[in-house]
Amino acid sequence: MYKQNIFDKGQTGPIDSIFKDETVFYQSYFPLEIKARDNEIKELSYCLNPLTEGNRARNVIIYGPPGTGKTLVSSFVLKQLQEYTQKVSVLYINAMEDNTRFAVYSKILTTQLSIPIPRRGLGVDELLNRLKEGLSKSSKLPILVIDEVDKFSKQEISAFFYELSRTELNHRFFTLILITNHKEFLAELDPRAQSTLFLSEIEFKRYSPKELKEILAERIDYGLLKNAISQDLVGYITGYSAKNGGDARVAIDLLYKSAKLAEKQGLCKIQKEMIIQSSKLIDSVKLIEKLSYITALDKEILSNIPEQGIESGELYKTLASKEADRTIRRHLGNLENLGLIATIDYKGKKGKTRLISLTFTKELLK
Ligand SMILES: Nc1ncnc2c1ncn2[C@@H]1O[C@H](COP(=O)(O)OP(=O)(O)OP(=O)(O)O)[C@@H](O)[C@H]1O
Ligand SMILES: [Mg+2]
């Protein structure tokens, strides 16, 4: 039996914590300052500017690798726009959650146009009619943000874009802001849908170590006790994160996990070993995450790559019955971007070729 309740810190005094405010490390935290994204903020606000005069704006696609501030910058710019003008209404949709026309139209009707819909019995076309009706009555210009848009149902996405960009009443159109890691999915849309979209593109590039350092500064200042981490170790974290996709989420997470380890050991200063240990954990979590969201064809491709690697021609031959070479090539490009495969120039039996190999142990595919 314990002499005192394990939560009671009365006799030993409060446990020293390395944290000043842990919430700055949470996903939900909105930074006071957005660093290194002035151009992207300017570009997006430029695209949306016509709305402040009540005019139609171009649709926008924001693309770039994970953790490069796409969601953050869009919500910041849209917040500013809504503070500036009453003329717009903004609806944020994440296609991971709502990935059908039915789901999205229902959400627009109920949350953006405040039109109740019966729980059952309505078809998609009827929803679309009500949406048009609602749009003609509302005085606001609707903006629809579709985050992770590549997760939208493949069967429906062409019809969805086509319908939405043509839905207009009294000169009020939807402004679409699409956010994605890979804009390649657009190539799979049918030409009709592609041509109605008229997208302005804004690319978000990976962060450099210097930019990651600027981003971390706020979290360090507000989140940790003074001197909780040395400049050297901040450099270690930003270097690691720059190599792993230039991803701000990785940098923040690595700092947070390392600080948690220090706290657990009752220390007020982060040590290098703690960062190394946390980075190993992040590596394996990231890998499993990536493997969970790739497509069935991606998995098929990966499972056909043996541990020792394979010449590209051989791989195309093995997969010839499944898909056209062109499609396989596109998927290979994507898998390489994700860091799941590596390719090197190689002198094969029939001359110069490329050797493709996995960057992880095949066990993880199961
Ligand atoms: N320029 C920045 N300044 C401050 N914090 C940033 C910046 N960019 C990203 N962050 C922080 O990094 C994290 C990831 O950013 P965000 O969610 O916007 O990335 P994303 O590009 O949308 O990633 P994904 O493609 O995975 O959705 C968030 O916690 C965000 O607050
Ligand atoms: Mg995002």
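The values are calculated or read from the model by the stated rules, or taken from the named source; none is laboratory data. Since the structure is predicted, the reported quantities are computational estimates derived from the model, not experimental observations. Neighbour counts are summed over all protein chains in view; Cβ atoms, including those assigned to glycine, are modelled from backbone coordinates with ideal geometry.
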Discussion item. So if I check each of Gln194, Gln265, which one is in contact with a Leu (Cβ under 8 Å, 6 or more places away or on another chain), farther than 20 Å from Glu33 by Cβ, modelled with pLDDT under 95 and away from ligand 2 (no atom under 16 Å from the Cβ)?
Written reply: Gln194
Worksheet entry | Failed criterion for Tyr207 (all others in (1) surrounded by fewer than 15 Cβ atoms within 10 Å (Cβ to Cβ); (2) at pLDDT 95 or above hold) | (1)
Worksheet, complete the sentence: Conditions (1) within 16 Å of ligand 1 (Cβ to nearest atom); (2) assigned to a loop (DSSP other than H, G, I, E, B); (3) touching a helix residue (DSSP H, G or I) at 6+ places or on another chain (Cβ under 7 Å) -> Ile270 fails only (1)
Item to complete: Examine the range 166-182 for a residue that is acidic (Asp, Glu) and exposed (fewer than 15 other Cβ atoms within 10 Å of the Cβ), and state whether such a residue exists.
Response: yes
Worksheet item: With respect to Leu319, is the statement that it is over 25 Å from the mean Cα position of the chain (by Cα) and either of a type in the set (Phe, Trp, Tyr) or surrounded by 14 or more Cβ atoms within 10 Å (Cβ to Cβ) (or both) true?
Response: yes
Worksheet item: Which residue out of Leu178, Leu199, Leu189, Leu225 is in contact with a Ser or Thr (Cβ under 7 Å, 6 or more places away or on another chain), hydrophobic (A, V, I, L, M, F, W, C) and at pLDDT 90 or above?
Response: Leu189
Fill in: helices (runs of 4 or more DSSP H) lying entirely in the range 27-132 (those with 1 or more residues that are within 14 Å of ligand 2 (Cβ to nearest atom))
38-48, 70-84
Discussion item. Looking at the range 193-213, I want the residues that are touching a residue at least 60 places away in the same chain (Cβ under 8 Å) and have a partner that is basic (Lys, Arg) and buried (at least 19 other Cβ atoms within 10 Å of the Cβ) with Cβ atoms under 8 Å, at least 6 apart or on another chain. Which pairs are those?
Written reply: Phe204/Arg37; Phe204/Lys70
Item to complete: Would you mind finding the one in Lys290, Lys286, Lys257 that is touching a Ser or Thr at 6+ places or on another chain (Cβ under 6 Å), in contact (Cβ under 8 Å) with a residue 24 or more places away in the chain and crowded, with 16+ Cβ neighbours inside 10 Å?
Response: Lys257
Worksheet item: Looking at this structure, is Val250 among the β-branched types (Val, Ile, Thr), in a helix (DSSP H, G or I) and within 16 Å of ligand 2 (Cβ to nearest atom)?
Response: yes
Item to complete: Pick out the one residue from Tyr256, Tyr222 that is more than 16 Å from ligand 2 (Cβ to nearest atom) and within 18 Å of Asp283 (Cβ to Cβ).
Response: Tyr256
Worksheet entry | Residue in the range 147-164 that is hydrophobic (A, V, I, L, M, F, W, C), touching a strand residue (DSSP E or B) at 6+ places or on another chain (Cβ under 8 Å) and either within 16 Å of ligand 1 (Cβ to nearest atom) or touching a residue at least 40 places away in the same chain (Cβ under 8 Å) (or both) present | yes
Discussion item. When you scan the range 43-52, do you find a residue that is under 23 Å from Lys151 (Cβ atoms) and either within 13 Å of ligand 1 (Cβ to nearest atom) or in contact with a Gly (Cβ under 7 Å, 6 or more places away or on another chain) (or both), even just one?
Written reply: yes
Worksheet item: Of the conditions (1) in contact with a Lys or Arg (Cβ under 7 Å, 6 or more places away or on another chain); (2) under 27 Å from Glu188 (Cβ atoms); (3) modelled with pLDDT under 90, Gly339 fails just one. Which one is it?
Response: (1)
Response to the item:
When the range 272-281 is checked residue by residue, the ones that are in contact with a Phe, Trp or Tyr (Cβ under 9 Å, 6 or more places away or on another chain) and either among the β-branched types (Val, Ile, Thr) or surrounded by 13 or more Cβ atoms within 10 Å (Cβ to Cβ) (or both) are Ile275, Ile276, Ser278, Ser279
